[in-house]
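Here is the structure we will look at, set down as structure tokens.
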Amino acid sequence: MERFVLFGTYCENALEKRGPFRDQHLKRLNTLKQKGTLITLGPTKCTRYVFGIFEATNVETVQQLVEEDVYWKEGIWTSAEVYPWVQAF
């Protein structure tokens, strides 16, 4: 397994727009965390950007996980880039 980082952006007024989808989103993230696929994920303090670390077999798997998320489907996340990551320490 490899680690990958996610860098992305939120839509304008994301805090308000995410409301109807937040429980579904968090439940899914919790499941991914319990499986060991999701290491961490969350917004920057300004809530314009999302950052995450995943463990998976390849970048396509992480991209698929992002595209399956309700925040992506509903336009709360407006961009997402996934890169292989080397944890130095």
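Heavy atoms of the protein only, probe of 1.4 Å, neighbouring chains included. What is the accessible area of GLU12 in Å², nearest 10?
150 Å²
Identify which of LYS45, LYS17, LYS73 has the largest mean-square fluctuation in a Gaussian network model of the chain, with springs joining Cα atoms closer than 10 Å.
LYS45
Tell me which label goes with the value of semi-axes √(5λ) of the Cα gyration tensor in Å computed from the coordinates here: (i) 34, 15, 8; (ii) 21, 14, 11; (iii) 26, 13, 11.
After the calculation, the listed value that fits is (ii).
What percent do you get for the relative contact order of the chain when only Cα pairs under 8 Å and 6+ apart count?
Values: 138 pairs, mean separation 43.6, N = 89.
Relative contact order comes out at 49 percent.
Rounded to the nearest Å, what's the spacing between the alpha carbon centres of segment 50-84 and segment 1-43? Just the number, please.
When both Cα centres are located, 8 Å separates them.
Per 0.36 nm of contour for each residue apart, how much would the distance between THR40 and SER79 grow if the chain were fully extended, relative to their Cα-Cα spacing? Could the numbers behind the result be given before it?
On the way: separation 39, 0.36 × 39 = 14.04 nm, distance 1.80 nm.
Between THR40 and SER79, full extension yields 12.2 nm more.
Taking the Cα centre of segment 44-89 as the origin, how large is its charge dipole in debye, to the nearest 20, when only Lys and Arg (+1) and Asp and Glu (-1) carry charge on their Cβ atoms? Show your work: numbers first, answer last.
Details: 3 positive and 7 negative charges, 60 e Å.
Here segment 44-89 has a charge dipole of around 280 debye.
Test of understanding: in a Gaussian network model of the chain with alpha carbons linked when under 10 Å, which of GLY52, GLY36, GLY19 would top the mean-square fluctuation ranking?
Most flexible of the set in this elastic network: GLY19.
The values are calculated or read from the model by the stated rules, or taken from the named source; none is laboratory data. Just so it is clear, the structure is predicted and the values come from calculations on it, not from any experiment. Quick reminder, even Gly has a Cβ in these numbers, built from the backbone with ideal geometry, and neighbours come from all protein chains shown. Side chains included, ligands, DNA and RNA excluded: accessible areas come from the protein's heavy atoms. Shrake-Rupley method; radii C 1.70, N 1.55, O 1.52, S 1.80 Å.
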